[in-house]
Amino acid sequence: MDRKSNSRLGKGIGALLGSGEYSVISPNSSANVKSGSDTMIRVDSIEVNPGQPRVDFDETALNELAQSIKTYGLIQPITVRPIANGRYQIISGERRWRASKLAGLTEIPAFVRSVDEVMSLQMALVENIQREDLNAIEIAVSYRRLLDECNLSQDELSAKVGKNKTTIVNYLRLLKLSKEVQLAVRDNKISMAHSRCIVGFDDFEVQNKMLNEILLNGLSVRQTEALAKRIVGEVKPRKKVKVKLSDEINRFKSDLSQKLNTRVAVAKDVTGKGKITIPFKSEEELAHLMSLLSK
């Protein structure tokens, strides 16, 4: 990544790293590197982050970058964090580190940041999202990991990546696609707009049927929308089969009904999905139920 491309990160990793000044440390003093410093670090003292979201590296592009590094050196430092025994773990820049190894470099410039594993993962994921060559599924997976593994709310995620919540939700919906459709999106066989037409169907068989028709007939997005409307008329909704409640659930329903002094209904289908229904007749009754439930 060159200096120009680094300016595209916007609210990405730059917002996470902060804007403090960096002090330059002697290349031979890596043992005394301070957090926030820009220094030269031995390539063999750096290791990859096991939580790194990027797992595939194009070999041809990697060799081209290595050749460029041989000629001009590594212009943009990688970002690492210190770990045990004088070693460092990559936060961002694994591709540059791999290319530097191929180029035969023994030392490379790096920003050193003292952060924990969660923040390190967060930085890596946010930087990953900013890449221009990232496909929609990779972006969706990165959003999901930021929400789940970094305990971010959608509002916090929106602020960190500079995207509105609607955009984030649209990406997250792609993870409801079948494996076959996700692979087609990942490999650019269909567009994200195509996938939005497909994701409206929960049945993977229907999703895969639509995918096959798109690929076989080269359907445009508008034609795919028409296909989706036609399928809506053809697909009969599956009847939800209620199952007999266990004694434990029945006892829970009875106890809750007594405590709330109102009827409580519990329904569950064969998949384990269901709902608990507590009716109320007025605002006052609702306020009373809320008071009881909050306790």
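The values are calculated or read from the model by the stated rules, or taken from the named source; none is laboratory data. Predicted model, so just to flag it, every value in this text is computed and none were measured. Cβ placement follows ideal geometry from the backbone for every residue including glycine, while neighbour counts extend to all protein chains displayed.
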*Just for region 254-276: of the residues that are exposed (fewer than 15 other Cβ atoms within 10 Å of the Cβ) and of a type in the set (Lys, Arg), which one is nearest to the chain's Cα centre (by Cα)?*
273
_Being over 16 Å from the mean Cα position of the chain (by Cα), part of a loop (DSSP other than H, G, I, E, B) and surrounded by fewer than 16 Cβ atoms within 10 Å (Cβ to Cβ) is true for just one of 215, 245. Which residue is that?_
245
*Condition broken by residue 83, with the remaining ones in (1) at pLDDT 85 or above; (2) under 23 Å from the mean Cα position of the chain (by Cα); (3) more than 30 Å from residue 182 (Cα to Cα) satisfied*: (2)
*Selection count where residues are within 14 Å of residue 70 (Cβ to Cβ) and either of a type in the set (A, V, I, L, M, F, W, C) or without any contact (Cβ under 8 Å) to a residue 24 or more places away in the chain (or both), scope region 93-107*: 4
_Among the numbered criteria (1) aliphatic (A, V, I, L, M); (2) surrounded by 13 or more Cβ atoms within 10 Å (Cβ to Cβ); (3) more than 27 Å from residue 189 (Cβ to Cβ), which one does residue 136 miss?_
(3)
*Test residue 159 against the stated conditions and say whether it is more than 30 Å from residue 210 (Cα to Cα) and small (Gly, Ala, Ser).*
yes
*Any pair with Cβ under 7 angstrom, 6 or more apart, that starts in region 144-167 at a residue that is not assigned by TED's automatic domain parsing to the domain that holds residue 116 and ends at one that is assigned to a loop (DSSP other than H, G, I, E, B)*: 145/53; 146/152; 158/164; 160/11; 161/11; 161/12; 162/10; 162/11
*Subset tally (residues that are more than 30 Å from residue 71 (Cβ to Cβ) and not hydrophobic (A, V, I, L, M, F, W, C)) for region 108-121*: 4
*Evaluate region 66-73: report whether one residue or more is touching a helix residue (DSSP H, G or I) at 6+ places or on another chain (Cβ under 8 Å), at pLDDT 85 or above and surrounded by 17 or more Cβ atoms within 10 Å (Cβ to Cβ).*
yes
_Breaking point among (1) part of a helix (DSSP H, G or I); (2) more than 30 Å from residue 49 (Cα to Cα); (3) at pLDDT below 95, for residue 200_ = (1)
*asked:* For region 147-179, give me each residue that is surrounded by 13 or more Cβ atoms within 10 Å (Cβ to Cβ) and over 21 Å from residue 124 (Cα atoms).
replied: 170, 173, 174, 176, 177, 178
*So is residue 98 modelled with pLDDT under 90, within 24 Å of the chain's Cα centre (by Cα) and among the basic types (Lys, Arg) or not?*
no
*If you scan region 277-295, which residues turn out to be surrounded by 10 or more Cβ atoms within 10 Å (Cβ to Cβ) and within 11 Å of residue 260 (Cβ to Cβ)?*
278, 279, 280, 285, 288, 289, 290, 292, 293
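Condition check ((1) touching a helix residue (DSSP H, G or I) at 6+ places or on another chain (Cβ under 8 Å); (2) buried (at least 21 other Cβ atoms within 10 Å of the Cβ); (3) closer than 19 Å to residue 62 by Cα; (4) hydrophobic (A, V, I, L, M, F, W, C)) across all residues:
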{"position": "78", "(1), (2), (3), (4)": "yes, yes, yes, yes"}
{"position": "86", "(1), (2), (3), (4)": "yes, no, no, no"}
{"position": "89", "(1), (2), (3), (4)": "yes, no, no, no"}
{"position": "102", "(1), (2), (3), (4)": "yes, no, yes, yes"}
{"position": "106", "(1), (2), (3), (4)": "yes, no, yes, no"}
{"position": "112", "(1), (2), (3), (4)": "no, yes, no, yes"}
{"position": "122", "(1), (2), (3), (4)": "yes, yes, no, no"}
{"position": "127", "(1), (2), (3), (4)": "yes, yes, yes, no"}
{"position": "144", "(1), (2), (3), (4)": "yes, no, no, no"}
*Positions within region 72-127 being closer than 15 Å to residue 50 by Cβ, part of a helix (DSSP H, G or I) and touching a strand residue (DSSP E or B) at 6+ places or on another chain (Cβ under 8 Å), in sequence order*: 94, 97, 120, 123, 124
*What number of residues within region 128-160 satisfy the criterion of being within 13 Å of the chain's Cα centre (by Cα) and part of a loop (DSSP other than H, G, I, E, B)?*
7
*asked:* Of everything in region 250-269, what is touching a helix residue (DSSP H, G or I) at 6+ places or on another chain (Cβ under 9 Å) and not in a helix (DSSP H, G or I)? Give them in sequence order.
replied: 261, 262, 263, 264, 265, 266, 268
